[in-house]
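Student: First, the structure itself, so that you have it in front of you.
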């Protein structure tokens, strides 16, 4: 009797978003285990993700499924218990304190360079690409890098700080194309190793370190896809660090996923399986933490581009899956597909955002028109 109640309720919710069980649309689902219904209603996204990993249900187009679920607001109709408990913990405990700084590197970014090489573009840029006037992932990622460095007004001879440098693709691009010196930091040992090898011969210094240990001053600072690991209890310290490291006439660009609401926790499934101790900042949290330290010059939102980026990453994994099969099992691939495509649907539904926020040390004098298109192609 209980199972039939959960089944009826969830099917009704899904149908309100145009999703049917055993329907013919690519966003319809096929349920292989009726325990799925109760698990989803009681455990929300955690139960939805784990039941998919366990093979309890399937969907031909997960991104389309999540787009409809989130656009309709069905996520608000299921149990808030995992979200509530996570919020309480996040308010009390600093999950991103210095002693835990390297956890996400060990649990996510160190999974295997072979996986990320198969998934990403040729420069291994693991963040939202910029798709206007781009036909391929490689083009879109290069356009994003050019947009970042054009906004920063890079000039030859400058010293650039990359907070969260990943596998070194952006740092190498800046050194090679703009004639600058770059210091890049990461909390992933595997990223450090590959970045050092990739940037060999260029004026790029890659360091395995936490942002809180930074010293020195730089002409320009940027952080692409790293702020999601800082945590609300550390936002102010993060901007204090940037202020300390940025020359008075310098510019700082923050590229981050953003949340529509101010919170103190991350999604329970994502925290458990993908990004440990991660948290999406709200616009309020960014402005509050930076106020009185840096001057905001520009705020650029282009979340739909992340939908396109995640779709491209998933396509790359699917077509190269055979070459990865010996290192990763079926449950891992289901987890990874769920991660990429649920996120894609979330961006398409505007459930989460992608922002580039440009700050200056003391305010830029005179006319300062921040580009929306990369307007120069350095040779």
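The values are calculated or read from the model by the stated rules, or taken from the named source; none is laboratory data. The model shown is predicted, which means the values in this text are computed figures rather than measured ones. FYI the Cβ positions are ideal-geometry reconstructions off the backbone, even for glycines, and counts take in every protein chain you see.
Student: So in the stretch 15-47, with the set limited to residues that are out of contact with any helix residue (DSSP H, G or I) (no Cβ under 7 Å at 6 or more places or on another chain) and not in a loop (DSSP other than H, G, I, E, B), which one is surrounded by the most Cβ atoms within 10 Å (Cβ to Cβ)?
Tutor: Applying the filter and picking the extreme gives 31.
Student: Return the residues of the stretch 199-210 that are without any contact (Cβ under 8 Å) to a residue 40 or more places away in the chain and not in a strand (DSSP E or B); say none if nothing qualifies.
Tutor: First, pick out the residues of the stretch 199-210 that are without any contact (Cβ under 8 Å) to a residue 40 or more places away in the chain: 199-205, 207-209.
Selection gives 199, 200, 201, 202, 203, 209.
Student: Here's a follow-up. It is to be established whether one or more residues within the stretch 367-377 are at pLDDT below 95, within 24 Å of residue 115 (Cα to Cα) and surrounded by 18 or more Cβ atoms within 10 Å (Cβ to Cβ).
Tutor: no
Condition check ((1) in contact (Cβ under 8 Å) with a residue 40 or more places away in the chain; (2) at positive phi; (3) not in a helix (DSSP H, G or I)) across all residues:
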residue	(1), (2), (3)
307	yes, no, no
315	no, no, no
347	yes, no, no
355	yes, no, yes
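Student: Given 341, 354, which one is buried (at least 22 other Cβ atoms within 10 Å of the Cβ) and in the same structural domain as residue 144 (by TED's automatic domain parsing)?
Tutor: Working: 341 fails: in the same structural domain as residue 144 (by TED's automatic domain parsing).
Every option except 354 fails the conditions.
Student: Let me ask something additional. Could you grab the pairs with beta carbons closer than 8 Å, sequence gap of 6+ or different chains, first residue in the stretch 19-43 and at positive phi, second one part of a loop (DSSP other than H, G, I, E, B)?
Tutor: Sorted first by the residue in the stretch 19-43, then by its partner, the pairs are 22/28.
Student: Condition test on residue 147, is it farther than 24 Å from residue 321 by Cα, buried (at least 22 other Cβ atoms within 10 Å of the Cβ) and touching a helix residue (DSSP H, G or I) at 6+ places or on another chain (Cβ under 7 Å)? Reasoning before the result, please.
Tutor: Details: farther than 24 Å from residue 321 by Cα: yes; buried (at least 22 other Cβ atoms within 10 Å of the Cβ): yes; touching a helix residue (DSSP H, G or I) at 6+ places or on another chain (Cβ under 7 Å): no.
Against the criterion (farther than 24 Å from residue 321 by Cα, buried (at least 22 other Cβ atoms within 10 Å of the Cβ) and touching a helix residue (DSSP H, G or I) at 6+ places or on another chain (Cβ under 7 Å)), residue 147 does not qualify.
Student: OK, next. Output the residue which, of all residues in the stretch 211-246 that are outside any helix (DSSP H, G or I), surrounded by fewer than 17 Cβ atoms within 10 Å (Cβ to Cβ) and at negative phi, is modelled with the lowest pLDDT.
Tutor: At the first step, the residues of the stretch 211-246 found to be outside any helix (DSSP H, G or I) are 214-226, 230-231, 246.
Now restrict to residues that are surrounded by fewer than 17 Cβ atoms within 10 Å (Cβ to Cβ): 215-217.
Next cut, at negative phi only: 215, 217.
Details: 215: 93, 217: 97.
Checking each candidate, the answer is 215.
Student: Look through 168, 164, 157 and report the one residue that is surrounded by fewer than 19 Cβ atoms within 10 Å (Cβ to Cβ) and either more than 23 Å from the chain's Cα centre (by Cα) or in contact (Cβ under 8 Å) with a residue 24 or more places away in the chain (or both). Working first, answer last.
Tutor: Details: 168 fails: surrounded by fewer than 19 Cβ atoms within 10 Å (Cβ to Cβ); 164 fails: surrounded by fewer than 19 Cβ atoms within 10 Å (Cβ to Cβ).
After ruling out the rest, the residue left standing is 157.
Student: Quick check on residue 293: is it modelled with pLDDT of 95 or more, within 25 Å of residue 215 (Cβ to Cβ) and in a loop (DSSP other than H, G, I, E, B)?
Tutor: Working: modelled with pLDDT of 95 or more: yes; within 25 Å of residue 215 (Cβ to Cβ): yes; in a loop (DSSP other than H, G, I, E, B): yes.
In short, yes.
Student: When residues of the stretch 247-264 are filtered for being without any contact (Cβ under 8 Å) to a residue 40 or more places away in the chain and buried (at least 20 other Cβ atoms within 10 Å of the Cβ), how many remain?
Tutor: Initially, the stretch 247-264 is screened for residues without any contact (Cβ under 8 Å) to a residue 40 or more places away in the chain, giving 261-262.
Next, only the ones that are buried (at least 20 other Cβ atoms within 10 Å of the Cβ) stay: none.
Total meeting the criteria: 0.
Student: Sticking with this structure for a sec: For the stretch 233-259, how many residues meet the condition of being touching a strand residue (DSSP E or B) at 6+ places or on another chain (Cβ under 9 Å) and farther than 25 Å from residue 125 by Cβ?
Tutor: Final tally of qualifying residues: 3.
Student: Are there helices (runs of 4 or more DSSP H) fully within the stretch 101-193 with at least 2 residues that are within 16 Å of residue 223 (Cβ to Cβ)? List them. Even if it seems obvious, please write down each step before you answer.
Tutor: Numbers: elements: 113-119, 137-151, 169-178.
So the answer is 137-151, 169-178.
Student: Within the stretch 278-290, how many residues are surrounded by fewer than 20 Cβ atoms within 10 Å (Cβ to Cβ) and outside any helix (DSSP H, G or I)?
Tutor: Number of matching residues: 1.
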